[in-house]
1. Just check the range 73-206 against the gyration tensor rule for me: Cα atoms, a ≥ b ≥ c as the square roots of the eigenvalues, rounded for a/c under 1.5, and otherwise prolate or oblate depending on whether a/b exceeds b/c.
2. If packing is taken as the average number of other Cβ atoms within 10 Å across a peptide's residues, how do 194-203, 82-91, 166-175, 95-104 rank, most packed first?
3. Tell me, in nm to one decimal, what length is gained between ASN12 and GLU127 on full extension, where the rule is 0.36 nm per residue of separation less the Cα-Cα distance?
4. For the chain, what is the calculated [θ] at 222 nm in deg cm²/dmol (nearest 500), taking -39500 (n - 2.57) for each run of four or more DSSP H residues and dividing by its residue count?
5. Could you compute the net charge surrounding ASP190? Neighbours are other residues with a C-beta less than 15 Å from the C-beta of ASP190; K and R count +1, D and E count -1.
6. Going by Cα centres, the range 1-76 and the range 157-202 are how many Å apart?
7. Relative contact order for the chain: what percent, with Cα pairs under 8 Å and sequence separation of 6 or more?
8. Where the only charges are on Cβ atoms (+1 Lys, Arg; -1 Asp, Glu), what is the dipole of the range 28-183 about its Cα centre, to the nearest 20 debye?
Amino acid sequence: MSDDVHFYEPRNGHGLPHNPFNAVIAPRPIGWISSRSREGTLNLAPYSFFNAFNYTPPIVGFSSVGYKDSVANIEATGEFAWNLATKTLAEPMNASCEAVGADVDEFELAGLTPEPSRVIEVPRVAETPVSFECRLSQLLRLTGADGSETDTWLVLGEVVGVHIARRLLVDGVYDTAAGEPIMRAGGPADYFEISPDQLFRMHRPG
């Protein structure tokens with residue numbers, strides 16, 4: 001084994017100041033998830049394990065380490081919304097991840113406005129330029145390779161409503177950089193953003 005390569009087996013620890021796994025899978029889009037409890041309490045929380053998984057029907061998903069309020073709410077009601085975390089909304093997004101009781105409304109905590117959705121009962125973040133209304137399609141408890149259950153829950157939802165600010169549609173094409181998305185990567189406090197000068201194009205062969 002070359003001395004120029006740091007190798008480790010995760011079960012034995014990584015031996016570094018910060019776990020590199022999250023940093024290597026980078027940058028990661030943020031799953032800023034709004035949900036509502038069966039009793040009506042609103043919840044808003046960011047998850048850095050988030051992505052899109054299917055075109056037709058469109059499916060997005062996030063995983064929660066621990067059976068947190070978002071998971072409980074979504075299992076109970078079958079609905080959630082994803083909200084684009086932007087550079088402008090970075091501080092409110094960060095405020096919404098504070099560990100608080102299930103009776104605390106993170107919209108209010110972060111100074112954000114709940115905007116009624118069109119298809120589902122869960123509100124969106126009014127201040128964001130993009131949001132998806134979602135219905136739960138699958139809720140899975142993740143297991144290790146040996147079949148043992150983890151304390152992590154994967155939530156998959158079908159996107160049943162899409163809201164996009166018209167200013168982000170240029171000749172009908174969504175302008176990713178103009179949306180100013182922020183993403184998690186690197187160390188424990190590291191975020192990244194996209195700028196137009198980072199764009200390059202490469203068409204598929206054939």
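1. rounded
2. Going by the mean number of other Cβ atoms within 10 Å, highest first, we get 82-91, 95-104, 166-175, 194-203.
3. On the way: separation 115, 0.36 × 115 = 41.40 nm, distance 4.37 nm.
The span from ASN12 to GLU127 would gain 37.0 nm if fully extended.
4. Rounded to the nearest 500, it is -3000 deg cm²/dmol.
5. That sum, taken over residues with Cβ under 15 Å, equals +2.
6. 18 Å
7. Details: 405 pairs, mean separation 46.6, N = 206.
Dividing the mean separation by the residue count of the chain yields 23 percent.
8. Dipole size: approximately 420 debye.
Computed from the coordinates by the stated procedures, all read-outs in this text should not be read as laboratory data. Given the structure is predicted, the values throughout are model-derived calculations rather than measurements. Cβ atoms come from the backbone with ideal geometry, glycine included; neighbour counts cover every protein chain shown.
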